[in-house]
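The values are calculated or read from the model by the stated rules, or taken from the named source; none is laboratory data. These figures come from a predicted structure and were not determined experimentally. Cβ placement follows ideal geometry from the backbone for every residue including glycine, while neighbour counts extend to all protein chains displayed. Surface areas here come from the heavy atoms of the whole protein model, side chains and all, with no ligands, DNA or RNA. Shrake-Rupley method; radii C 1.70, N 1.55, O 1.52, S 1.80 Å.
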Amino acid sequence: EKDPDERVRSAIDLVFRKLAELGSARQVCFWLCEQQITLPAVSGAGSAQQVVWKQPRYHSLLSLLKNPIYAGAYAYGRSKTAVGLDLDRKRSVHKKHLKREQWSVLILDHHEGYISWDAFNSNQKMIAHNANGMGELVRGSVKRGGALLAGILRCGHCGEKLLAQYPGPAVIRYQCVSYALDRETNCCVS
């Protein structure tokens, strides 16, 4: 069900409207930060759960946009965690996001959504297209521009990918993705 709190519903609606308007999850995140709009997040567990309002983070926003529950669908088995043994102790090794065909359960029109299933699918295509600007999700280096290491280099502080920026015709600057979203950490490599 949609949250009974009107403020929560309005904030989630705003995110989907801005995505349709701006065409990029990253731009939505920048816009929300620029406008100093906070988003709801659940804190605590069980009966101690409460909604707290936080400055948006890119990965949290992307998680919201990729979750089919906001399109009125119930999905189970969207990811799989591989578990391995390390010195006779159980240890989670890797979380893998599965393709839609591999999900255990997907029930469309399970409940009222914030967007339609068609809008959700369009958003997923747009997000995948924006992931590297080439129309499909490809990991690795960018195939255009003078920065040959873009998409490969990682920040030495937080491990996020470094983005290539071109401030001048003969200048290439690599900047941490987190720095653009969280200037408090001052996590920048150039």
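Annotations for the structure displayed:
- Taking region 30-66 as the range and being within 14 Å of Asp3 (Cβ to Cβ) and out of contact with any helix residue (DSSP H, G or I) (no Cβ under 9 Å at 6 or more places or on another chain) as the test, the residues that pass are Val42, Gln49, Gln50, Val52.
- Filtering region 3-19 to residues that are surrounded by 14 or more Cβ atoms within 10 Å (Cβ to Cβ), free of Cβ contacts under 8 Å to residues at least 60 places away in the same chain and under 18 Å from Ile127 (Cα atoms) leaves Leu14, Val15, Lys18.
- Residues that are of a type in the set (Ser, Thr, Tyr) and in contact (Cβ under 8 Å) with a residue 60 or more places away in the chain within region 50-82 comprise just one, Tyr58.
- Answer from Val142, Val189 - the residue that is touching a Gly at 6+ places or on another chain (Cβ under 7 Å), under 30 Å from Gln36 (Cβ atoms) and either at pLDDT below 75 or among the small types (Gly, Ala, Ser) (or both): Val189
- For the condition at pLDDT 90 or above, loosely packed, with under 14 Cβ neighbours inside 10 Å, of a type in the set (Lys, Arg) and within 22 Å of Ala131 (Cα to Cα), Arg78 does not qualify.
- Considering residues of region 33-56 that are closer than 17 Å to Asp13 by Cα and out of contact with any strand residue (DSSP E or B) (no Cβ under 7 Å at 6 or more places or on another chain) only, the residue most open to solvent (accessible area, probe 1.4 Å): Gln36
- Within region 112-123, the only residue that satisfies the criterion of being in a loop (DSSP other than H, G, I, E, B) and of a type in the set (A, V, I, L, M, F, W, C) is Ile115.
- Leading residue by the ranking (modelled with the lowest pLDDT) among those in region 154-181 that are crowded, with 17+ Cβ neighbours inside 10 Å and part of a loop (DSSP other than H, G, I, E, B): Glu160
- Failed item, numbered, when Leu65 is tested on (1) of a type outside the set (Lys, Arg); (2) closer than 23 Å to Val8 by Cβ; (3) open to solvent by 70 Å² or more (accessible area, probe 1.4 Å); (4) modelled with pLDDT of 90 or more: (3)
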